[in-house]
Amino acid sequence: MSKTAGGLHAGKTTFSSIGSNLQYNNVCIAENEEALPAGWDPLHVQMGFKPTDSVVTVGTGWTYISSVGEVQRSYPAQYLIRDYMRSLAAMGGGSIILDPTVAALLKDTQGFKTKGELSQWLADNVEKTVSSYWGNGVIATFSAAMALQGLEPQATWIKAPPETLIKPFNAKGLQVIVTGGGIQTTWFVTDFRLGRGTLVDDWK
């Protein structure tokens, strides 16, 4: 899609000193609904679709960060996920992609009864300074215009002292996806913002 729809061609229309496989590849995720903890609805059900519906959702974003190694008992998974999310562009939303083993730990050990509870906890606990927020080039490009128009909260954040702590994520914009084979306690955090979803049957 980057080449066909976006017209991205290395050395002609896009230039990168390091490169990214997302310029010629993509990230496709199928939720492992059978491995969801009790009470954790599939993403498409959270979006208002029926459990039996087959839905495809397109997301856009800039960054994904992989866990390093496995979850350690001495530091619960939600704390490490929170720590990593501070590095994201943080344009309000994002996606947290969990192996079923991590989802089970978060539900059974840490008490998150639903995906929504985890999203709310992360929105309440991920903080970063306004200087690091505006220091991200993606934020400076896309959010500065909102601040200059007086739109909140960006208008307040752009005037705040550099070390002011802000909570840049909105719980409604944080989606949790459980995928994988339940082999190890690994996960990704991303700033991918997902669309509302489309029924696959509508394409037939």
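Got a number for the accessible area of F192? Probe 1.4 Å, square angstrom, nearest 10. Accessible area, nearest 10 Å²: 30 Å². Computed over protein heavy atoms with a 1.4 angstrom probe, the accessible surface ordering of T186, T52, largest first, is T52, T186.
Dipole check for segment 83-204: with +1 at the C-beta of Lys and Arg, -1 at the C-beta of Asp and Glu, and the Cα centre as origin, the magnitude is about 160 Debye. Of the residues V102, N170, V126, the one whose Cα sits farthest towards the positive end of the charge dipole of segment 79-204 is N170 (charges of +1 on Lys and Arg Cβ, -1 on Asp and Glu Cβ, taken about the Cα centre). Using only the alpha-carbon atoms of the chain as identical scatterers, what base-10 log of I(q)/I(0) does the Debye formula give at q = 0.08, 0.09, 0.13 Å⁻¹? Log10 of I(q)/I(0), two decimals: -0.31, -0.39, -0.82.
Placing +1 on the Cβ of every Lys and Arg and -1 on the Cβ of every Asp and Glu, with no other charges, gives the chain a dipole of roughly 480 debye about its Cα centre. In terms of packing, defined here as the mean over residues of other Cβ atoms within 10 angstrom, the peptides 87-95, 133-141 line up highest first as 87-95, 133-141. When the accessible area of segment 136-204 is split by element with a 1.4 Å probe, what percent falls to carbon and sulfur? Of all accessible area on segment 136-204, carbon and sulfur atoms account for 58 percent.
The convex hull of the Cα atoms of segment 108-204, projected and averaged over all directions, covers 9.7 nm². In terms of the mean number of neighbouring beta-carbon atoms within 10 Å, the peptides 44-51, 162-169 order highest first as 162-169, 44-51.
The values are calculated or read from the model by the stated rules, or taken from the named source; none is laboratory data. Fair warning: this is a prediction, and the values are worked out from it, not measured in the lab. So basically every Cβ, Gly included, is an ideal-geometry build from the backbone, and we count neighbours across all protein chains shown. Calculation scope for accessible area: heavy atoms of the full protein, side chains included, ligands and nucleic acids excluded. Shrake-Rupley method; radii C 1.70, N 1.55, O 1.52, S 1.80 Å.
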